[in-house]
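Participant: One structure, pasted below without further comment.
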Amino acid sequence: VQLQASGGGLVQAGGSLRLSCAASGIIFSNYDMGWYRQAPGKQREIIASISYGGITNYAEAMKGRFTVFRDNAKSTMYLQIDSLRPEDTGVYYCNAILSANANYAYWGQGTQVTVSS
């Protein structure tokens with residue numbers, strides 16, 4: 001099983017990024033997916049999740065600038081981030097949990113997002 005997160009980089013405040021999480025080795029459409037981030041010196045926090053059926057949930061602090069969506073045909077989940085702020089800097093991770101059995105859970109390696117002011 002592999003979750004390959006990509007799309008991070010250095011961007012100026014106010015800009016946008018679209019992160020991708022490409023899955024392999026799983027039946028993607030059976031998995032609930034999530035995006036997390038870990039800022040320097042802080043704990044990993046959830047940004048958003050999307051169920052196998054496409055239902056989305058966002059952490060309260062993340063509502064408005066973050067949009068999660070998925071393309072099951074491409075086994076890929078995305079995170080659109082708009083109006084980036086310096087405090088969005090961190091490593092962004094994706095997570096997959098089998099909807100029918102949460103014991104099957106996997107993490108990607110993360111992609112670095114750096115927002116300059």
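The values are calculated or read from the model by the stated rules, or taken from the named source; none is laboratory data. Everything numeric here is computed off the predicted structure, so don't read it as measured data. Glycine gets a Cβ as well: all are built from the backbone with ideal geometry, and neighbour counts include every protein chain shown. Heavy atoms of the whole protein, side chains included, go into the accessibility calculation; ligands, DNA and RNA do not. Shrake-Rupley method; radii C 1.70, N 1.55, O 1.52, S 1.80 Å.
Participant: Of everything in the stretch 1-47, what is closer than 19 Å to Ala102 by Cα and among the hydroxyl-bearing types (Ser, Thr, Tyr)? Give them in sequence order.
Facilitator: Ser24, Ser29, Tyr31, Tyr36
Participant: Hey, another quick one. Would you pick out the residues in the stretch 16-69 that are open to solvent by 70 Å² or more (accessible area, probe 1.4 Å) and of a type in the set (Lys, Arg)?
Facilitator: Matches in the stretch 16-69: Arg18, Lys42, Arg44, Lys63.
Participant: For Glu87, which of the numbered conditions (1) loosely packed, with under 14 Cβ neighbours inside 10 Å; (2) assigned to a loop (DSSP other than H, G, I, E, B) fails to hold?
Facilitator: If we test Glu87 against (1) loosely packed, with under 14 Cβ neighbours inside 10 Å; (2) assigned to a loop (DSSP other than H, G, I, E, B), just (2) comes out false.
Participant: How many residues, within the stretch 39-67, are among the hydrophobic types (A, V, I, L, M, F, W, C), within 19 Å of Glu87 (Cβ to Cβ) and free of Cβ contacts under 8 Å to residues at least 40 places away in the same chain?
Facilitator: Step one: list which residues in the stretch 39-67 are among the hydrophobic types (A, V, I, L, M, F, W, C), which gives 39, 46-48, 50, 55, 59, 61-62, 66.
Filter once more, keeping what is within 19 Å of Glu87 (Cβ to Cβ): 39, 46-48, 59, 61-62, 66.
Now drop any that are not free of Cβ contacts under 8 Å to residues at least 40 places away in the same chain, which leaves 46, 48, 59, 61-62, 66.
Summing the residues that are among the hydrophobic types (A, V, I, L, M, F, W, C), within 19 Å of Glu87 (Cβ to Cβ) and free of Cβ contacts under 8 Å to residues at least 40 places away in the same chain in the stretch 39-67 gives 6.
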